[in-house]
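This report refers to the structure that appears directly beneath it.
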Amino acid sequence: MELNRTRKGPLPGGRQVASGAGAGHHSMRTDSRARGAARPPSTPSHPSSPPAGLVSAVDSDDDGTVVQELELEQMWSTLEEAIVETRSTPLKNRPRLPRLALSKRDRAVVRALNPMLVTYLEASRDLCETDSILFGAALAVCRIIGAKLSTAGRATGQSSAIPTWRIRIEERIAKTRALISRLICFRSGNTRPRIVRTVRMAFAGTNISLSQPDIMQKLTERIDELKQRIAAWGKRIRGYTERSTRFNQNRLFESDQKRLYKSLERPIVSGTGPAPNRANTVAFRRSLWSEPVNHSEGPCTEVVA
C-alpha cells in the first residue's frame, strides 16, 4: 500500500504555501520528499535507520486530514525488535494478539509500517520466515498503539480461557445463593433490618407483602424457585464443560494418542494412614498359601452320565 503524507501549517522559514498551480507543484514535491524518507533501505540483512523526523500518515478516505504523527525512527526500531523477537520465540510461546478497532489512528500505523516490510519480505526464504515477519509486524503495531498483549502464550491443549458468559453465570449463582441464605434466615426468625431489606428486594415487582399471613409459604416457594434457577445454570455450565472436554479429547486423539491416554490415567493415590505391621502381613500371606485346605465338592461338580 502506498503511504500518502501531507503537512499542515506554514513551511519552515516563514514562507506560506501559494495557491493555484504553484501550490499543487509544491505539494507534489513535499509528497516526493516524504516518500523518499519512508523508503526502506536496500540492504536486507542489516537495514539502516531511516532519517529522523515526524511522518504524518494520512487516511485517503478522510480528504487529507492528518490522523496521527508518528516518529519514523521509533516505529522502525519497534518493528525490527518485534521481528527479531518473533524469530527467536517458539510458536507456542507467542503472545495472543488482540483485535484492534478500525480507527483512523490504527489504519495510519498500518499504512506507515507497510513500506517498511518490503525489505524483510523480499529477503524471506520460506513460508515460516514470512509468517514470523508478518507476526512481528502485527506485534509492532500493537506495541506502537499501546494495545494490551497476553503473555500467557498459546495453549497447546485445553484452553484455559474462561468464557465471559460462564463468568457471568457463576456470578449470578453466587448472588442467588447469598439471597437464598438471607431468605432462610428471615424464615427462621431473623428480622434484622439488613435481612428484611433483602427479602423486600427479593419480592420486588410482586403483590406479596411481608405482613400477609402466608408469607412463610411464599418464602418457601421463592427459595425453591431460586434453587431451580441455580440448578439450571449449573447444568448449562456442566454441559459446556463436558462438550469442551470431549472436543479437546477428540482433537488430541487425532494428533497425539499417547498424550491422550496418559492424560486419562488416574493418579496413584498413596495411603495416608500408618503402614501395616510386617509380621502380621507375612503371617497372613503364609496362611493363604502354606496351610492345606480341604474343599468340599458340591453337586454341581458331579459328572453327569
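For the range 164-261, what is the convex hull volume of its Cα atoms per residue in Å³? Before the final figure, lay out the partial values.
Details: hull volume 12.5 nm³, N = 98.
For the range 164-261, the hull spanned by Cα atoms encloses 127 Å³ per residue.
Hand me the GluC sites (Glu not before Pro) from the range 221-270 located in a DSSP loop with no more than 13 other Cβ atoms within 10 Å, in residue order please. Numbers along the way, then the final one.
Working: sites: Glu221, Glu225, Glu242, Glu254, Glu265; in loops: Glu265.
Hits after loop and neighbour filter: Glu265.
Measuring against 28 Å, Cα to Cα, the residue pairs Lys148/Lys258; Lys235/Lys258; Lys175/Lys218; Lys92/Lys148; Lys92/Lys262 contain Lys148/Lys258; Lys235/Lys258 as the ones spanning a longer distance.
Each value in this text was obtained by applying a stated rule to the coordinates, not by laboratory testing. All of these numbers come straight from a predicted model, not from anything done at the bench. Note that we place each Cβ from the backbone using ideal geometry, even for glycine, and neighbour counts take in every protein chain shown.
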